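Asks: Dumping the structure here so I can ask a few things about it.
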Amino acid sequence: MTSLSTLIATPTEVFVCDACAHVQSPDLPDVQAFYDREYRISLQSDEHDQLYEQRDDGPVFRTGHQASLVLGLDLPDGAKVLDFGAAKATTLRAVLKQRPDLHPHVFDVSEDYREHWNGWVDVADQATYRLPEAWSGRFDLITAHFVLEHVTDPVGILAELRACLAPGGRLFFTVPDPVGNSGDLLVADHLNHFTTSSLTEALHRAGLRPLAIRQDQFRGAHVVLATPALNGETLGPATGAASCAETVRDLLKNWEHALSSIDAAQIDGKTFAIYGAGFYGTLIASRFSEKPVCFLDRNPHLQGTEHIGCPVLTPEACPVGVELIFAGLNPDHARRILPADAAWKPDGARIVYLNG
């Protein structure tokens, strides 16, 4: 299963390093072509966005949350900012609405996004496939929103980004946290699964000094701020690798049990729906020969569409007669997001959680 909830014909394997607790999966077949021509992030429409969370005052989308984190970095007037792995660069564009003084630059490994950049990013400030040599030492800030988990050489990429930072410049990036969002361990196109220990090791090897590695700013993710190490600065070894590696191995055992439980679920002709039309929901659907009656999702950008041939509805529109509702959500938060006594649940329907 990929991060875009599509199936590819490759096994899912996960390897854990005992030295630094980095977690790695094999490269996809022809990985460069996959990201150049097959990876189509949020190209369904200009408005498409991923739901970050549902609050009492309405939905919060990932772009808005990422933009708020960037805006909190207190950038100087006229700062040169590069969105690395930008895709449509919706986060940078949202930042510019509040900070029009910033000088935007964008980079991606595909030409598919240029039409989304043109008109607000100068062509000279756009790049694809390779970072221009002229960008060396240019940027006050480089952002990379959920990019490094996809690359084959994260240390090499971090070193390239360090070389593009101006003196005193900062690198700000997010990557999934497999401890806070253990489903990340199953994502086929996430070649890297970073722990706090392996993040520190990768930054040090790339000549970067971590200023912060936090798990409380973006649910299920590491939020990292780093700056180039000073000449002659000694960066100590990462700590806590053994504990991180043990935690990951425990999570993998939990997923073996959870997937076995899904496979053993007694559908027996029961009518079922899946709550969540994202990765977890698609993972559940892929384990059954029968299709769900529908997916239920709070994301208004998904409602009214179809996902793997099934309609996506609001939870309140769940059809009468549905007997089972599988929680296609991060198991750590599923019971909070989808309580067993949800008011909209049809009479007699039972909610089934991934962790029992």
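The values are calculated or read from the model by the stated rules, or taken from the named source; none is laboratory data. These figures come from a predicted structure and were not determined experimentally. Cβ atoms come from the backbone with ideal geometry, glycine included; neighbour counts cover every protein chain shown. Note: areas computed on protein heavy atoms with side chains; ligands, DNA, RNA excluded. Shrake-Rupley method; radii C 1.70, N 1.55, O 1.52, S 1.80 Å.
Asks: Can you tell me which residues in region 15-51 are at pLDDT 85 or above, crowded, with 18+ Cβ neighbours inside 10 Å and not in a strand (DSSP E or B)?
Replies: Within region 15-51, C20, A21, H22, S25 qualify.
Asks: Name the residue, out of T128, T196, T143, T200, that is within 15 Å of L225 (Cα to Cα) and more than 19 Å from the chain's Cα centre (by Cα). Show your work before the answer.
Replies: On the way: T128 fails: within 15 Å of L225 (Cα to Cα); T196 fails: more than 19 Å from the chain's Cα centre (by Cα); T143 fails: more than 19 Å from the chain's Cα centre (by Cα).
It is T200.
Asks: Something else about it: Can you name every residue in region 211-238 that is open to solvent by 40 Å² or more (accessible area, probe 1.4 Å), closer than 18 Å to F146 by Cα and either among the charged types (D, E, K, R) or outside any loop (DSSP other than H, G, I, E, B) (or both)?
Replies: I213, R214, D216, R219
Asks: Within region 136-156, track down each residue that is at pLDDT 95 or above, crowded, with 20+ Cβ neighbours inside 10 Å and touching a Leu at 6+ places or on another chain (Cβ under 8 Å).
Replies: Scanning region 136-156 gives F139, D140, L141, I142, T143, A144, L148, E149, P154.
Asks: While we're looking at this one, here's another question. Please identify the pairs in which a residue from region 329-356 that is farther than 23 Å from A264 by Cβ has its Cβ atom under 6 Å from the Cβ atom of a residue that is at pLDDT 90 or above and assigned to a loop (DSSP other than H, G, I, E, B), counting only partners at least 6 apart or on another chain.
Replies: The qualifying pairs are I337/L329; P346/C318; P346/V320; P346/V322.
Asks: Condition first: open to solvent by less than 10 Å² (accessible area, probe 1.4 Å) and out of contact with any Asp or Glu (no Cβ under 6 Å at 6 or more places or on another chain). Now tell me which residues in region 108-120 satisfy that.
Replies: Taking region 108-120 and keeping what is open to solvent by less than 10 Å² (accessible area, probe 1.4 Å), we get 110, 113, 117.
Answer for region 108-120, where residues must be open to solvent by less than 10 Å² (accessible area, probe 1.4 Å) and out of contact with any Asp or Glu (no Cβ under 6 Å at 6 or more places or on another chain): Y113, W117.
Asks: How many residues does region 239-258 contain that are open to solvent by less than 100 Å² (accessible area, probe 1.4 Å) and either under 28 Å from L211 (Cβ atoms) or part of a loop (DSSP other than H, G, I, E, B) (or both)?
Replies: Number satisfying all stated conditions: 9.
Asks: Determine, yes or no, whether I274 is touching a residue at least 40 places away in the same chain (Cβ under 8 Å), buried (at least 20 other Cβ atoms within 10 Å of the Cβ) and farther than 19 Å from L171 by Cβ. Don't jump to the end; show me each part of the working.
Replies: Working: touching a residue at least 40 places away in the same chain (Cβ under 8 Å): yes; buried (at least 20 other Cβ atoms within 10 Å of the Cβ): yes; farther than 19 Å from L171 by Cβ: yes.
Yes.
Asks: Can you confirm whether K97 is touching a Pro at 6+ places or on another chain (Cβ under 9 Å), at pLDDT 95 or above and either at negative phi or hydroxyl-bearing (S, T, Y) (or both)? Spell out the reasoning first.
Replies: On the way: touching a Pro at 6+ places or on another chain (Cβ under 9 Å): no; at pLDDT 95 or above: yes; either at negative phi or hydroxyl-bearing (S, T, Y) (or both): yes.
No; evaluated as a whole, the condition is false for this residue.
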